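Single-structure report; data block below.
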Amino acid sequence: MKVGFIGLGAMGRPMAKRLQNAGFDLFVHDLMPEAVGEMVSLGSVAKDNPAQIACEAEIICSSLPNSAILMEVATGKNGILSTMRPGTLLIDFSSVEPHLSRRLAEAVEAKGASMLDAPVSGGTAGAANGALTIMVGGRAEDLDKAMIILKQLGKKIIHVGDNGQGQAMKLVNNLLLGINMAAAAEALTLGRKLGLNPKIMLDTIAQSSGASYALTAKAEKFIFPGKFAPGFAVDLQYKDLELAVNAAKNLTVPLPMGNQAQQIFEVARAKDLGREDISSVVKLYEEAAKTKVRTQS
Ligand code: NAD
(Lines give C-alpha, C1' and ligand atoms only; values in the text may rest on other atoms or scores of the structure.)
Protein backbone atom coordinates (compact mmCIF):
# COMPACT_ATOMS: atom_id res chain seq x y z
CA MET A 1 0.00 0.00 0.00
CA LYS A 2 1.25 3.50 -0.89
CA VAL A 3 1.42 5.73 2.17
CA GLY A 4 2.56 9.36 2.45
CA PHE A 5 4.16 10.95 5.51
CA ILE A 6 4.54 14.73 5.84
CA GLY A 7 6.42 16.12 8.85
CA LEU A 8 9.41 14.01 9.94
CA GLY A 9 10.19 15.69 13.27
CA ALA A 10 10.67 14.37 16.79
CA MET A 11 7.40 12.41 16.48
CA GLY A 12 6.87 12.02 12.74
CA ARG A 13 10.25 10.47 11.98
CA PRO A 14 10.04 7.52 14.37
CA MET A 15 6.42 6.97 13.30
CA ALA A 16 7.40 7.01 9.62
CA LYS A 17 10.26 4.60 10.36
CA ARG A 18 7.82 2.13 11.86
CA LEU A 19 5.66 2.31 8.73
CA GLN A 20 8.73 1.89 6.51
CA ASN A 21 9.85 -1.13 8.53
CA ALA A 22 6.33 -2.59 8.35
CA GLY A 23 6.71 -2.77 4.56
CA PHE A 24 4.51 0.09 3.29
CA ASP A 25 5.59 1.94 0.14
CA LEU A 26 6.42 5.18 1.90
CA PHE A 27 6.54 8.64 0.26
CA VAL A 28 7.93 11.34 2.55
CA HIS A 29 8.20 15.12 2.70
CA ASP A 30 9.73 17.57 5.18
CA LEU A 31 11.50 20.91 4.94
CA MET A 32 14.57 19.44 6.68
CA PRO A 33 16.78 17.60 4.14
CA GLU A 34 18.47 15.64 6.93
CA ALA A 35 15.15 14.16 8.10
CA VAL A 36 14.17 13.23 4.54
CA GLY A 37 17.66 11.81 3.86
CA GLU A 38 17.45 9.45 6.81
CA MET A 39 14.10 8.09 5.61
CA VAL A 40 15.42 7.69 2.04
CA SER A 41 18.35 5.68 3.40
CA LEU A 42 15.77 3.31 4.89
CA GLY A 43 13.94 2.90 1.58
CA SER A 44 11.37 5.75 1.51
CA VAL A 45 10.84 7.87 -1.60
CA ALA A 46 11.33 11.64 -1.14
CA LYS A 47 8.83 14.09 -2.64
CA ASP A 48 9.35 17.83 -3.06
CA ASN A 49 5.98 18.97 -1.78
CA PRO A 50 2.69 17.73 -0.28
CA ALA A 51 0.94 17.78 -3.69
CA GLN A 52 3.41 15.17 -5.00
CA ILE A 53 2.68 13.01 -1.97
CA ALA A 54 -1.07 13.26 -2.53
CA CYS A 55 -0.62 12.21 -6.20
CA GLU A 56 0.76 8.85 -5.04
CA ALA A 57 -0.60 7.91 -1.65
CA GLU A 58 -3.80 6.09 -0.74
CA ILE A 59 -3.32 7.14 2.88
CA ILE A 60 -1.54 10.39 3.77
CA CYS A 61 -0.19 10.94 7.30
CA SER A 62 0.85 14.32 8.70
CA SER A 63 2.66 15.28 11.92
CA LEU A 64 3.18 19.05 11.89
CA PRO A 65 3.96 21.68 14.54
CA ASN A 66 0.79 23.81 14.51
CA SER A 67 -2.48 24.77 12.82
CA ALA A 68 -1.02 27.41 10.48
CA ILE A 69 1.54 24.95 9.07
CA LEU A 70 -1.02 22.15 8.78
CA MET A 71 -3.38 24.46 6.84
CA GLU A 72 -0.52 25.59 4.57
CA VAL A 73 0.52 21.99 3.91
CA ALA A 74 -3.08 20.95 3.23
CA THR A 75 -4.62 23.93 1.43
CA GLY A 76 -1.66 26.09 0.28
CA LYS A 77 0.05 26.17 -3.12
CA ASN A 78 1.28 22.62 -3.82
CA GLY A 79 -0.74 21.50 -0.82
CA ILE A 80 -2.37 18.09 -0.31
CA LEU A 81 -5.80 19.25 -1.49
CA SER A 82 -4.47 20.44 -4.85
CA THR A 83 -3.96 16.85 -6.01
CA MET A 84 -5.88 14.71 -3.50
CA ARG A 85 -7.96 12.03 -5.23
CA PRO A 86 -11.41 10.76 -4.18
CA GLY A 87 -11.16 7.86 -1.75
CA THR A 88 -7.86 9.03 -0.22
CA LEU A 89 -7.64 9.15 3.58
CA LEU A 90 -5.74 11.87 5.45
CA ILE A 91 -4.70 10.95 9.00
CA ASP A 92 -3.46 14.03 10.84
CA PHE A 93 -1.38 13.29 13.95
CA SER A 94 -0.60 16.97 14.70
CA SER A 95 -2.06 18.76 17.75
CA VAL A 96 -4.12 21.70 16.43
CA GLU A 97 -7.32 23.71 17.07
CA PRO A 98 -10.39 21.43 17.01
CA HIS A 99 -12.46 23.84 14.88
CA LEU A 100 -9.68 24.18 12.28
CA SER A 101 -9.30 20.44 12.11
CA ARG A 102 -13.06 20.15 11.54
CA ARG A 103 -12.92 22.78 8.81
CA LEU A 104 -10.07 20.92 7.10
CA ALA A 105 -12.05 17.68 7.27
CA GLU A 106 -14.92 19.43 5.45
CA ALA A 107 -12.55 20.68 2.74
CA VAL A 108 -11.14 17.16 2.36
CA GLU A 109 -14.65 15.71 2.08
CA ALA A 110 -15.48 18.22 -0.66
CA LYS A 111 -12.78 16.41 -2.68
CA GLY A 112 -14.51 13.06 -2.14
CA ALA A 113 -11.75 12.06 0.29
CA SER A 114 -11.86 11.75 4.07
CA MET A 115 -9.90 12.76 7.13
CA LEU A 116 -9.32 11.66 10.70
CA ASP A 117 -7.82 13.88 13.38
CA ALA A 118 -5.55 11.52 15.30
CA PRO A 119 -3.40 13.46 17.79
CA VAL A 120 -1.12 11.29 19.86
CA SER A 121 0.29 11.00 23.36
CA GLY A 122 3.27 9.02 24.58
CA GLY A 123 6.21 11.13 23.48
CA THR A 124 9.12 10.20 21.27
CA ALA A 125 9.63 6.91 23.11
CA GLY A 126 6.00 5.94 22.42
CA ALA A 127 6.45 6.93 18.78
CA ALA A 128 9.56 4.76 18.42
CA ASN A 129 8.01 1.76 20.19
CA GLY A 130 4.56 1.85 18.58
CA ALA A 131 3.12 2.52 22.02
CA LEU A 132 1.25 5.79 21.45
CA THR A 133 -2.22 6.60 22.65
CA ILE A 134 -4.10 7.86 19.58
CA MET A 135 -7.21 10.01 20.03
CA VAL A 136 -9.31 9.75 16.91
CA GLY A 137 -12.00 12.09 15.60
CA GLY A 138 -13.96 11.18 12.48
CA ARG A 139 -16.13 8.46 10.94
CA ALA A 140 -15.99 4.87 12.22
CA GLU A 141 -15.57 3.53 8.67
CA ASP A 142 -12.54 5.78 8.13
CA LEU A 143 -11.08 4.59 11.41
CA ASP A 144 -11.52 0.99 10.21
CA LYS A 145 -9.60 1.90 7.06
CA ALA A 146 -6.89 3.68 9.10
CA MET A 147 -6.30 0.74 11.45
CA ILE A 148 -3.72 -0.80 9.11
CA ILE A 149 -1.56 2.28 9.90
CA LEU A 150 -2.65 3.04 13.46
CA LYS A 151 -1.98 -0.46 14.76
CA GLN A 152 1.70 0.00 13.80
CA LEU A 153 1.90 3.19 15.85
CA GLY A 154 -0.37 2.94 18.86
CA LYS A 155 -1.20 0.64 21.75
CA LYS A 156 -4.40 2.51 22.67
CA ILE A 157 -6.53 3.76 19.81
CA ILE A 158 -9.59 5.57 21.12
CA HIS A 159 -12.45 6.70 18.89
CA VAL A 160 -13.39 9.88 20.74
CA GLY A 161 -16.13 11.17 18.39
CA ASP A 162 -16.67 13.15 15.19
CA ASN A 163 -14.02 15.23 13.38
CA GLY A 164 -12.34 17.64 15.81
CA GLN A 165 -13.14 15.59 18.92
CA GLY A 166 -9.74 13.86 18.85
CA GLN A 167 -8.19 17.33 18.97
CA ALA A 168 -10.51 18.41 21.79
CA MET A 169 -9.41 15.35 23.78
CA LYS A 170 -5.72 16.06 23.12
CA LEU A 171 -6.11 19.69 24.18
CA VAL A 172 -7.58 18.60 27.51
CA ASN A 173 -4.79 16.03 28.02
CA ASN A 174 -2.03 18.52 27.25
CA LEU A 175 -3.54 21.15 29.52
CA LEU A 176 -2.89 18.63 32.29
CA LEU A 177 0.59 17.79 31.01
CA GLY A 178 1.61 21.47 31.04
CA ILE A 179 0.27 22.03 34.53
CA ASN A 180 1.78 18.77 35.82
CA MET A 181 5.21 19.51 34.29
CA ALA A 182 5.42 22.94 35.92
CA ALA A 183 4.15 21.46 39.20
CA ALA A 184 6.69 18.62 39.14
CA ALA A 185 9.57 21.05 38.47
CA GLU A 186 8.37 23.28 41.30
CA ALA A 187 8.02 20.42 43.79
CA LEU A 188 11.38 18.81 42.95
CA THR A 189 13.13 22.15 43.40
CA LEU A 190 11.58 22.70 46.83
CA GLY A 191 12.49 19.13 47.80
CA ARG A 192 16.08 19.72 46.75
CA LYS A 193 16.20 22.93 48.79
CA LEU A 194 14.90 20.91 51.77
CA GLY A 195 17.90 18.65 51.32
CA LEU A 196 16.13 15.66 49.75
CA ASN A 197 18.03 13.31 47.44
CA PRO A 198 16.57 13.64 43.89
CA LYS A 199 16.42 9.88 43.28
CA ILE A 200 14.76 9.16 46.61
CA MET A 201 12.23 11.92 45.87
CA LEU A 202 11.41 10.36 42.50
CA ASP A 203 11.17 6.80 43.84
CA THR A 204 8.91 7.95 46.67
CA ILE A 205 6.60 10.22 44.69
CA ALA A 206 6.32 7.71 41.82
CA GLN A 207 4.76 5.30 44.37
CA SER A 208 2.65 7.99 46.05
CA SER A 209 -0.26 10.30 45.40
CA GLY A 210 1.89 13.05 43.86
CA ALA A 211 2.84 10.89 40.84
CA SER A 212 2.29 12.08 37.28
CA TYR A 213 3.53 11.20 33.77
CA ALA A 214 5.42 14.52 33.76
CA LEU A 215 7.37 13.45 36.82
CA THR A 216 8.04 9.83 35.94
CA ALA A 217 8.79 10.41 32.23
CA LYS A 218 10.89 13.52 32.68
CA ALA A 219 12.78 13.36 36.00
CA GLU A 220 15.19 10.48 35.41
CA LYS A 221 15.72 10.92 31.66
CA PHE A 222 15.89 14.71 31.39
CA ILE A 223 16.05 16.65 34.66
CA PHE A 224 18.46 14.52 36.71
CA PRO A 225 21.11 14.20 33.98
CA GLY A 226 20.48 17.83 32.89
CA LYS A 227 19.81 16.72 29.28
CA PHE A 228 17.07 18.86 27.78
CA ALA A 229 17.05 18.01 24.04
CA PRO A 230 13.41 17.31 23.09
CA GLY A 231 11.43 15.17 23.66
CA PHE A 232 8.49 17.53 23.62
CA ALA A 233 9.57 21.11 23.00
CA VAL A 234 8.59 24.05 25.23
CA ASP A 235 7.26 25.86 22.12
CA LEU A 236 4.88 22.97 21.37
CA GLN A 237 3.66 22.75 24.98
CA TYR A 238 3.13 26.52 24.94
CA LYS A 239 1.08 26.13 21.74
CA ASP A 240 -1.03 23.38 23.34
CA LEU A 241 -1.69 25.54 26.42
CA GLU A 242 -2.68 28.34 24.05
CA LEU A 243 -5.22 25.99 22.42
CA ALA A 244 -6.68 25.20 25.85
CA VAL A 245 -6.66 28.81 27.07
CA ASN A 246 -8.37 30.04 23.88
CA ALA A 247 -10.97 27.26 23.97
CA ALA A 248 -11.71 28.10 27.61
CA LYS A 249 -12.08 31.83 26.83
CA ASN A 250 -14.52 31.11 24.01
CA LEU A 251 -16.60 28.91 26.31
CA THR A 252 -16.31 31.11 29.45
CA VAL A 253 -14.51 28.40 31.42
CA PRO A 254 -12.11 29.74 34.08
CA LEU A 255 -8.61 28.28 33.68
CA PRO A 256 -6.42 29.73 36.45
CA MET A 257 -4.01 26.77 36.56
CA GLY A 258 -3.73 26.54 32.78
CA ASN A 259 -3.05 30.27 32.39
CA GLN A 260 -0.44 30.13 35.14
CA ALA A 261 1.26 27.14 33.53
CA GLN A 262 1.26 28.91 30.16
CA GLN A 263 2.98 31.91 31.73
CA ILE A 264 5.68 29.63 33.14
CA PHE A 265 6.31 28.27 29.66
CA GLU A 266 6.26 31.89 28.39
CA VAL A 267 9.12 32.71 30.78
CA ALA A 268 10.97 29.65 29.47
CA ARG A 269 10.49 30.90 25.89
CA ALA A 270 11.71 34.36 26.88
CA LYS A 271 14.87 32.67 28.20
CA ASP A 272 15.42 30.96 24.83
CA LEU A 273 14.35 27.52 26.04
CA GLY A 274 11.65 27.22 23.35
CA ARG A 275 13.39 24.37 21.51
CA GLU A 276 14.35 22.52 24.69
CA ASP A 277 12.26 19.80 26.28
CA ILE A 278 9.34 20.86 28.53
CA SER A 279 11.27 19.54 31.54
CA SER A 280 13.66 22.50 31.07
CA VAL A 281 11.17 24.68 33.00
CA VAL A 282 12.96 23.24 36.04
CA LYS A 283 15.79 25.65 35.17
CA LEU A 284 13.52 28.61 35.99
CA TYR A 285 12.87 27.24 39.47
CA GLU A 286 16.50 26.24 39.97
CA GLU A 287 17.63 29.75 39.07
CA ALA A 288 15.13 31.39 41.43
CA ALA A 289 15.89 29.00 44.30
CA LYS A 290 19.67 28.93 43.67
CA THR A 291 19.84 25.14 43.59
CA LYS A 292 20.09 22.31 41.06
CA VAL A 293 17.82 19.28 40.80
CA ARG A 294 20.50 16.92 39.47
CA THR A 295 21.92 13.53 40.23
CA GLN A 296 24.87 14.44 38.00
CA SER A 297 26.43 17.90 37.75
P1 NAD B 1 8.89 18.89 15.43
O2 NAD B 1 8.98 20.39 15.41
O3 NAD B 1 10.01 18.08 15.96
O4 NAD B 1 8.59 18.33 13.95
C5 NAD B 1 7.79 18.96 13.02
C6 NAD B 1 8.34 18.65 11.62
O7 NAD B 1 7.51 19.31 10.67
C8 NAD B 1 9.77 19.18 11.42
O9 NAD B 1 10.61 18.14 10.93
C10 NAD B 1 9.60 20.30 10.42
O11 NAD B 1 10.72 20.46 9.55
C12 NAD B 1 8.37 19.83 9.67
N13 NAD B 1 7.70 20.93 8.97
C14 NAD B 1 7.45 22.17 9.43
N15 NAD B 1 6.83 22.90 8.47
C16 NAD B 1 6.68 22.07 7.41
C17 NAD B 1 6.13 22.25 6.11
N18 NAD B 1 5.58 23.40 5.73
N19 NAD B 1 6.17 21.18 5.27
C20 NAD B 1 6.71 20.01 5.63
N21 NAD B 1 7.26 19.79 6.85
C22 NAD B 1 7.24 20.82 7.72
O23 NAD B 1 7.53 18.56 16.21
P24 NAD B 1 7.12 17.16 16.90
O25 NAD B 1 7.61 17.17 18.30
O26 NAD B 1 7.43 16.05 15.98
O27 NAD B 1 5.53 17.38 16.98
C28 NAD B 1 4.68 17.22 15.84
C29 NAD B 1 3.23 17.35 16.33
O30 NAD B 1 2.97 16.32 17.31
C31 NAD B 1 2.96 18.69 17.05
O32 NAD B 1 1.68 19.14 16.70
C33 NAD B 1 3.09 18.35 18.53
O34 NAD B 1 2.33 19.22 19.33
C35 NAD B 1 2.57 16.91 18.54
N36 NAD B 1 3.10 16.05 19.62
C37 NAD B 1 4.43 16.07 19.97
C38 NAD B 1 4.87 15.21 20.98
C39 NAD B 1 6.33 15.16 21.41
O40 NAD B 1 6.62 14.53 22.46
N41 NAD B 1 7.25 15.76 20.68
C42 NAD B 1 3.98 14.35 21.62
C43 NAD B 1 2.65 14.33 21.22
C44 NAD B 1 2.22 15.19 20.22
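What the table below lists for this structure:
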item	result
Among ASN174, ASN129, ASN197: highest mean-square fluctuation, GNM of the chain, C-alpha pairs under 10 Å	ASN197
Radius, Kirkwood style, for the stretch 243-287 when every pair of distinct Cα atoms is counted (Å)	11.5
Spatial extent of the stretch 2-161: Rg and Dmax, with the Cα atoms as the point set, Å	13.9, 38
Dipole in debye (nearest 20) - the stretch 2-161, about Cα centre, beta carbon charges: Lys, Arg +1; Asp, Glu -1	280
Listed residues LYS17, LYS283, LYS249, most fluctuating in the chain (Gaussian network, C-alpha, under 10 Å)	LYS249
For the chain: relative contact order, % (alpha-carbon pairs under 8 angstrom, 6 or more apart)	14
The stretch 203-265-the stretch 72-97 distance, computed between alpha-carbon centres (Å)	29
Long-range HN-HN contacts of ALA46 with modeled amide H, under 5 Å	VAL28
Value at 222 nm in deg cm²/dmol, rounded to 500, when DSSP H runs of n ≥ 4 in the chain each add -39,500 (n - 2.57)	-16000 deg cm²/dmol
Over the stretch 1-67: Kirkwood hydrodynamic radius from C-alpha pairwise inverse distances, Å	11.3
Radius of gyration and Dmax over the Cα atoms of the stretch 125-174, both given in Å	10.8, 29
³J(HN,Hα), Karplus 6.51/-1.76/1.60, whole Hz, each residue of the stretch 263-273, x for Gly, Pro	5, 5, 5, 5, 4, 4, 4, 5, 9, 6, 9
Relative contact order %, the stretch 2-161, counting alpha carbon pairs below 8 Å whose residues are six or more apart	20
Stokes-Einstein diffusion coefficient of the stretch 218-297, Kirkwood radius over Cα pairs, 37 °C, 0.692 mPa s, in µm²/s	247
Of THR252, THR88, THR133, the one that fluctuates the most in a GNM where the chain has Cα springs shorter than 10 Å	THR252
Cα pair distances in the chain, grouped into 5 Å bins until the bin that holds the longest one, percent each	1, 6, 12, 16, 17, 15, 12, 9, 6, 4, 2, 0, 0
Lysines with Cα under 28 Å of LYS249, excluding same-chain neighbours fewer than 8 positions away	LYS170, LYS239, LYS271
Dipole magnitude of the chain about its Cα centre (Cβ charges: Lys, Arg +1; Asp, Glu -1), debye to nearest 20	740
Cα Rg over Rh - the stretch 168-289, Kirkwood	0.97
1.4 Å probe accessible area per residue over the chain, in Å²	45
Calculated from backbone phi, Karplus (6.51, -1.76, 1.60) coupling profile of the stretch 70-84 in Hz, x at Gly/Pro	4, 5, 5, 5, 8, 10, x, 4, 6, x, 4, 5, 5, 10, 5
Between 0 and 90°, nearest 10: helix 234-250 axis offset from the chain longest Cα axis	80
Exposure rank, largest accessible area first [MET32, MET201, MET71; 1.4 Å]	MET32, MET71, MET201
Largest-first ordering by accessible area, 1.4 Å probe, given options ARG18, ARG102	ARG102, ARG18
Rg(Cα) / (2.2 N^0.38 Å) computed for the stretch 193-240, rounded to two decimals	1.29
Estimated translational D of the stretch 116-236 in µm²/s (Stokes, Kirkwood radius over Cα pairs; 4 °C; 1.567 mPa s)	81
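The values are calculated or read from the model by the stated rules, or taken from the named source; none is laboratory data. From a predicted model like this one, the values you see are computed outputs, not experimental measurements. FYI the Cβ positions are ideal-geometry reconstructions off the backbone, even for glycines, and counts take in every protein chain you see. These accessible areas exclude ligands, DNA and RNA; they are computed on the full protein's heavy atoms, side chains included. Shrake-Rupley method; radii C 1.70, N 1.55, O 1.52, S 1.80 Å.
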